[in-house]
1. Mind listing just one residue for me: the one in segment 109-150 that is farther than 16 Å from Leu164 by Cα and acidic (Asp, Glu) and, of those, least open to solvent (accessible area, probe 1.4 Å)?
2. Do you know which of the residues in segment 390-409 that are part of a loop (DSSP other than H, G, I, E, B) and of a type outside the set (D, E, K, R) is nearest to Val330 (Cα to Cα)?
3. Could you list, in sequence order, the residues of segment 192-214 that are of a type outside the set (D, E, K, R), buried (at least 16 other Cβ atoms within 10 Å of the Cβ) and more than 22 Å from Lys174 (Cβ to Cβ)?
4. Which one is farthest from Gln196 (Cα to Cα) among residues in segment 45-91 that are part of a helix (DSSP H, G or I) and open to solvent by 70 Å² or more (accessible area, probe 1.4 Å)?
5. What number of residues within segment 247-287 are among the hydroxyl-bearing types (Ser, Thr, Tyr) and not in a strand (DSSP E or B)?
6. Residue pairs, Cβ under 9 Å, 6 or more apart or interchain, first in segment 122-147 and over 25 Å from Arg80 (Cβ atoms) and modelled with pLDDT under 95, second open to solvent by 30 Å² or more (accessible area, probe 1.4 Å) and assigned to a helix (DSSP H, G or I). List them.
7. Return the residues of segment 92-126 that are charged (D, E, K, R) and assigned to a loop (DSSP other than H, G, I, E, B); say none if nothing qualifies.
8. Could you check segment 1-32 and list, in sequence order, the residues that are open to solvent by less than 70 Å² (accessible area, probe 1.4 Å) and basic (Lys, Arg)?
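The values are calculated or read from the model by the stated rules, or taken from the named source; none is laboratory data. Quick caveat: nothing in here was measured; it's all calculated off a predicted structure. Backbone-built Cβ (ideal geometry, glycine too); neighbour counts: all protein chains shown. Quick note on the areas: whole protein, heavy atoms, side chains included, nothing else; ligands and nucleic acids left out. Shrake-Rupley method; radii C 1.70, N 1.55, O 1.52, S 1.80 Å.
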Amino acid sequence: MAKIQSIRGMNDLLPDDSPLWQYLEGKLQNLLARYGYNEIRFPILEQTELFKRSIGEVTDIVEKEMYTFEDRNGDSLTLRPEGTASCVRACEQHGLLYNQVQRLWYTGPMFRHERPQKGRLRQFHQVGVEAFGMVGPDIDVELIALSARFWKELGITEGLTLELNTLGSSASRKSFREALVTYLSPLKDQLDEDSQRRLATNPLRILDSKNEQTQALLADAPVFDDFLDDDSRVHFAGLCERLDALGIAYVRNPKLVRGLDYYGLTVFEWTTNLLGAQGTVCAGGRYDGLVEQLGGKATPAVGFAMGLERLCLLLEATGNLPEKTAQADVYLVSSGSRAEVEALKLAESLRESLSLRVLTHCGGGSFKSQFKKADRSGARVALVIGESEAEQGVVQVKWLREEREQQQLAMADVVSELAAQLD
C-alpha cells in the first residue's frame, strides 16, 4: 500500500526546525507585549463573503487563490488567505471597536492556492499586527518602529529595506485610476497578460508588475502624487517627519500599491534582495474604510503582516540563526526495574523543585547505549541509578560537559546538591 504524503505546498514542521520557530515567536511575543499589543485568535475557516467584500472580488487572491468549498449545509466557506479581514470580523462581532482603541496581534496558518516555491507555500504562517481607532500618522510610525526594532533584535537590519508610499484618499485613487486607464488603454496590446486583465479590474496593480516591458511603458504614465489631496499629503509628510526623527531609513517607492483593495493612505513593505523573487518579508498599511465596508462604524485602522517562513529563510541567509540549545539539563540513566522507578521519582522531584529540563531514559538498554543518548541530548550531567544504587539509596553523578570528578550522592541530597552545582 502506497504511503500517504502531505499535500503539495503544505509542509511539515519537524522537531529540528521547531526551535527556530519558537525563537522567532518568543521574540515577537515579548516585543509586542512591550508595545502594549494583546493577542487575539480566530478560526481558520470563515464565510467566503467576508473575503470577497474585504479583499475585493477582482483581486488575484479571490479570483484564483482561495481554498473555497461548500459544507454539508450548502454554505460557502473559505480557509483564510489573510488575517486582517478575520480580525475585523471578530472585533465587530464582539464589540471591541465601539468607542475603543485596540492594539492587537495574531499568528497562525493562512492558505492560498499558488505554485509552491521557496518562500511561498500554499499553507504559510503569518504574524499580523493591527491597530484600531487612531487617526494620524503617529500610529503608522509606531507599527513601522515596532517592526524595525524586531529586525534589530534579530540582527538582520542590514538585510532589509523599508519601502514607503501613500495611496491617498478614495477620491484621489479614483482620479488616478481613471488617468492611468486612459493612458494605458491605447497600449493594452503591449502589456503583459496579467496587466491586460488588470487594466479592466484592478489597474493600480499594474504599477508593481515584474514584467520589464510593462515597466518601460509606465515610464511616461501619470504620477500618483499629482492626484493626492491635501489631507493625504499632510498625513504622508507627518509620517516621513516622524520616521526621520526616529532615525528609521526608508525609500519612497511611488509604485508600491499592495495587492488588497482595502488599503489607503500609508502603505509600506520591508524587502530584501537575499531571498530571490520572494523579497517581501513584511508588509502593511492603513485601511480606514474596511470596518465600515464590513458593516461596522467607520474606524481608522492600520496594520501589517510578516511571513514566518520567509523570516526563517532570512535568518539562514544572513547567518543570524540562534544557537542550538541542549535538549535537557539532566539525563537519568537507569538499569533494572527498581532503579527505573527511582529514576522516575527523582526526575519528577528535579522538575518540581528546580524547573530543570530532565530527560529520563525509557525502554531499557545498556549503560553504554544510554550514555551515548545522554551525550547527544546535550545535558550537562547524567544521574546514574543501577540496582545497587537503588538498594543503597544513592545516585552516581557524572558530568558530561565539564572536567569534574564523578560523585556519589544520597538520593535525598540530589536536589539540593544539583541546585548549588548547576547554578
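1. Filtering first and then ranking leaves Glu130.
2. In the first step, residues of segment 390-409 are kept if they are part of a loop (DSSP other than H, G, I, E, B); the result is 393, 400-406.
The next check asks that each one be of a type outside the set (D, E, K, R); those that pass are 393, 400, 406.
On the way: Gly393: 19, Leu400: 10, Gln406: 15 Å.
Restricting to residues being part of a loop (DSSP other than H, G, I, E, B) and of a type outside the set (D, E, K, R), the top hit is Leu400.
3. Thr214, the sole residue that qualifies.
4. Step one: list which residues in segment 45-91 are part of a helix (DSSP H, G or I), which gives 48-55, 60-65, 84-91.
This time we only want the ones that are open to solvent by 70 Å² or more (accessible area, probe 1.4 Å), so: 49, 52-53, 63-64.
Values: Glu49: 27, Lys52: 22, Arg53: 24, Glu63: 15, Lys64: 16 Å.
For segment 45-91, the residue satisfying everything is Glu49.
5. As a first pass, look at segment 247-287 and keep what is among the hydroxyl-bearing types (Ser, Thr, Tyr): 250, 262-263, 266, 271-272, 280, 287.
Filter again for not in a strand (DSSP E or B), leaving 250, 262-263, 272, 287.
Qualifying residue count for the region: 5.
6. Correct list of pairs: empty, since none qualify.
7. The initial filter retains those residues of segment 92-126 that are charged (D, E, K, R), namely 92, 103, 112, 114-115, 118, 120, 122.
Passing the criteria: Arg112, Glu114, Arg115, Lys118, Arg122.
8. Lys27
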